[in-house]
Structure formats: C-alpha cells, structure tokens
Amino acid sequence: MSAYTEEPVLVENRDLNYLVVYDLRDFEIIFERIDLEDVKISEDFEVSTHRMISSYYVGSAFFKELDEKDANRRWVRRHRKRAYKVSELRLFKLIAENRLEQEKYHLVFERKKVAVEDHIRSKKRSGVYVVDFREKNYEIMDADGFQSAIYLDVPKLIISETGNVLNYEEIKMGGFISRLKISGMLPLDYELPE
C-alpha cells in the first residue's frame, strides 16, 4: 500500500505534548496475507487477513508544544524519556556510536544472535557516521524484548550525530519500531533530561 498527501499531516500527540506537522513525501507499507484455513472464526471476533511486514515513510516533521505550561511537567518529561528509549532515533544513534551491546541490544541474522562487531562497522567522518553492514537484513531486540527489523537496499547508512538516517531511501523498518510511526517521534534535538 502506498499513499501521498498534498498538505502536511497534523498529528496531535497528547502523551508527549506535541503537535507534529508532518510533510509526507513518500509512504509505503508491505503486507503479507495470512492463511485463514486453520483459523477458527466465530461471530464474536474479527480475524485479520493480512499483517504488516515493513513500512517506509519519508518526510519532515515540525514539533510544537500543545500546551506550553505542560512542557516541563514531570509526566511529559517521563513520557518523552520513555518514548526516546524505544525510538528509531536512539536505535540509530546507538548503532552509529557502536553502543548496541553496551545498551543490551541483540543483533540477529538468519535467526541467530551474532556479534555486533562482526556485522556492523561505524566510522565518524565530517560530522556524520558512515555505518557499514555485512548483510542487508537484520533483526534487533532491545533489553525489554521489543523486536525490530532492518531491511537495507545497500549495506551502508549515513547517520547524523543525533541518530537521524540521512540516506533514508536505503532503509525499511519492520517489527516494533515500524509500528511506532509518527506517534513515537521526537524532535531531532531532543535530549534526555538530567
């Protein structure tokens, strides 16, 4: 499934106290059909016929506080901190800084846990990280057991110091992170509170 819009998409995220104005440039979701032959269907519950495999979206986001007086409240800081912990931004920052294993992430290739240093090499050049991957598809599991997938068109990513993937057209995400979408987004300049 693909989609586009001529106007920015407005996303009100009360949990993080943001209004996100998202200028969507490209959007695609790949689904897989679920075989329903062995599924028992009753009148009381609806059965999905497809499940999402991966998603890809590109655009630019502008963040505005929904309520300025709530911006520094403890619950907002706590929710933002929790969102950052599982964010795509943090994941790619950890990859760029060679800190996946230090933060208790597991890298999986062909259903086997592999050593990160054998599969990912990161070098800082001119203020960005150039990250080389040995293979094109990986699964990554965080310390809480959330599993995400990375599908690369080419085994190289350019990542900013904040964790933003600059050659975004080369990557698709699946699993947990792909389900977060804009609802799990934080501004590129977000910093964890002390």
Where in the stretch 80-194 are there helices (runs of 4 or more DSSP H), lying fully within it, with 3 or more residues that are farther than 30 Å from residue 70 by Cα? 116-119
Inspect all residues belonging to the stretch 106-116 and state whether any of them is touching a Leu at 6+ places or on another chain (Cβ under 8 Å) and crowded, with 17+ Cβ neighbours inside 10 Å. yes
Yes or no: residue 176 surrounded by fewer than 18 Cβ atoms within 10 Å (Cβ to Cβ) and under 14 Å from the mean Cα position of the chain (by Cα)? no
Hey, can you tell me all the residues within the stretch 121-139 that are hydroxyl-bearing (Ser, Thr, Tyr) and touching a residue at least 12 places away in the same chain (Cβ under 8 Å)? 122, 129, 138
Could you check, for the stretch 44-66, whether at least one of its residues is within 20 Å of residue 146 (Cβ to Cβ), at pLDDT 85 or above and more than 18 Å from the chain's Cα centre (by Cα)? no
Residues located in the stretch 140-170, provided they are buried (at least 18 other Cβ atoms within 10 Å of the Cβ) and under 25 Å from residue 110 (Cβ atoms): 140, 142, 148, 149, 150, 157, 159, 165
Looking only at the stretch 67-100, which residues are over 14 Å from residue 148 (Cβ atoms), surrounded by 11 or more Cβ atoms within 10 Å (Cβ to Cβ) and either of a type outside the set (D, E, K, R) or touching a Leu at 6+ places or on another chain (Cβ under 8 Å) (or both)? 71, 72, 76, 79, 80, 81, 83, 84, 96, 98
Tally up the residues in the stretch 70-123 that are touching a helix residue (DSSP H, G or I) at 6+ places or on another chain (Cβ under 8 Å) and of a type in the set (Val, Ile, Thr), please. 3
The stretch 129-153, subset among the aromatic types (Phe, Trp, Tyr) and either modelled with pLDDT of 95 or more or more than 12 Å from residue 173 (Cβ to Cβ) (or both), residue nearest to the chain's Cα centre (by Cα): 146
Output the residues belonging to the stretch 140-156 that are in contact (Cβ under 8 Å) with a residue 12 or more places away in the chain and either in contact with a Gly (Cβ under 6 Å, 6 or more places away or on another chain) or at positive phi (or both). 147, 148, 149
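The values are calculated or read from the model by the stated rules, or taken from the named source; none is laboratory data. Quick caveat: nothing in here was measured; it's all calculated off a predicted structure. A quick note on method: Cβ atoms are made from the backbone with ideal geometry, for glycine too, and the neighbour counts reach across all protein chains shown.
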